[in-house]
Amino acid sequence: MDQTVTNTYNEAKKLYAAHGINVDEVLEKLSQIKISLHCWQGDDVRGFLFKDKELSGGIAVTGSYPGRAGTPDELRKDLEKALSLIPGKHKVNLHAIYADTDEKVDLDELEPKHFQGWVDWAKDQGLGLDFNPTCFSHPKAADGFTLSHSDEEIRRFWITHCKASRKIAEHFGRELGQPCVTNFWVPDGYKDTPVDRLSPRVRLKESLDEIFSEEIDPQYNIDAVESKLFGIGSESYVVGSHEFYMGYGLTRGKAICLDAGHFHPTEVISNKLSSILMFSEQLLLHVSRPVRWDSDHVVTMDDELMDIARELVRGDLLPRTNIGLDFFDGSINHIAAWVIGTRNTIKALLRAMLEPIEELKRIEQEGDYTSRLALVEEFKSYPFGAVWDYYCASQGTPVREQWLAEVKAYEQEVLLKR
């Protein structure tokens, strides 16, 4: 390891130790946190199950940066490169359309065997897998409704697909020895104001109840449900609102998924974490960066990301929180997007862990708000960067922006030749 990195780390440790923070213990704890990298950043949400399909259901990707993955092997190779530049051992999040099979199969016919290539790869890489049914970009979702559709035959198709998705997830969990988080998001809604808001929600509740009717051991599969404020084509009404899924998740024992971009433009999810985890056993986060609204930009270390990290750390909520990324930017190098977003998420957690939390709680309880504000602000300029550099080096990953040269070389050697 570079001696300068070690020296600055040791100096930083002394500053933090003065406030009772054991930096070595912080890094050990940080190394146990798994971030779920979303596979769909690597190919602009195209998938491999249906060739040349157009995105629909509120999904849109802008940009045409060269080198996106076109096969499962290409996508896995790109993920390997990204993961080699990110400290820690993590997970990969798959959508159903990323099946690795030559068999012509529809969504309602998917089985674990269609994802065995992913399982074998994850075993070899020491990774976990998460999963999502794909309830968009399909002829049976063309009118904007799936699990709440008024047509029973169409609704049955999507119920069957979601049931199959849970069995695939269970297989992932069994094979890889760690739970697979299966997230359920559907685009259902109306572009203009509906007359009947209740009936679609009744149908969605009934569909979900049937999907979840089979018990699956949570050591293999964890179900999560995700809300949205509005979407492209569902600007006036979304069946699966925050209130719907919060009620459903709490009464059915399901994890509630909070996406950073799925609320009002001035609404943040950081303030919701402690409230929901008072009543829910688990939480799923989709860490993204909304610009104006749910535009799914690459995660930067902005105020909201830091607030999310601080809430998780200060409240000791990390053991019950599953952290995944959800952005898709086709305007920059696809691998760089993964690396930037994931490293920022981990870095934000590190910064939060390097606060004198017990000291801050004590002075807050004593009513010393002057000291609370002073310490919080002063710690923003403490040398967390020296600790981050050491952590990256100790994990065998590049320090600071050194990773960019590797991405640029990979772009020349691999991506631009596709």
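Details
- Restricted to the range 272-297, and to residues there that are out of contact with any Leu (no Cβ under 9 Å at 6 or more places or on another chain) and touching a residue at least 24 places away in the same chain (Cβ under 8 Å), the residue that is surrounded by the fewest Cβ atoms within 10 Å (Cβ to Cβ) is R292.
- If you go through the range 32-56 and keep only what is of a type in the set (G, A, S) and touching a strand residue (DSSP E or B) at 6+ places or on another chain (Cβ under 9 Å), you end up with S36, G47.
- Residue that is in contact (Cβ under 8 Å) with a residue 60 or more places away in the chain and not in a loop (DSSP other than H, G, I, E, B), where the choices are S199, S207: S207
- The range 92-111 - residue that is assigned to a helix (DSSP H, G or I) and more than 22 Å from the chain's Cα centre (by Cα) and, of those, surrounded by the most Cβ atoms within 10 Å (Cβ to Cβ): L107
- In the range 48-71, the residues that are closer than 18 Å to N333 by Cα and not charged (D, E, K, R): A60, V61, T62, G63, S64, Y65, P66, G67, A69, G70, T71
- The lone criterion from (1) surrounded by fewer than 22 Cβ atoms within 10 Å (Cβ to Cβ); (2) touching a Gly at 6+ places or on another chain (Cβ under 9 Å); (3) farther than 25 Å from P179 by Cβ; (4) not aliphatic (A, V, I, L, M) left unmet by G57 is number (1).
- Cβ-Cβ under 8 Å pairs, at least 6 apart or on other chains, the range 96-117 side free of Cβ contacts under 8 Å to residues at least 12 places away in the same chain, far side surrounded by 14 or more Cβ atoms within 10 Å (Cβ to Cβ): E103/H114
- For the range 320-330, the condition of being more than 27 Å from E281 (Cα to Cα), surrounded by 22 or more Cβ atoms within 10 Å (Cβ to Cβ) and touching a residue at least 60 places away in the same chain (Cβ under 8 Å) holds for at least one residue.
- Pair list, Cβ < 6 Å and 6+ apart or interchain, from the range 364-387 residues that are within 22 Å of V26 (Cβ to Cβ) to residues that are of a type in the set (S, T, Y) and surrounded by 13 or more Cβ atoms within 10 Å (Cβ to Cβ): A386/T8; A386/Y9
Bear in mind these aren't lab numbers, they're just calculated from the coordinates by the rules spelled out. Since the structure is predicted, the reported quantities are computational estimates derived from the model, not experimental observations. Cβ atoms come from the backbone with ideal geometry, glycine included; neighbour counts cover every protein chain shown.
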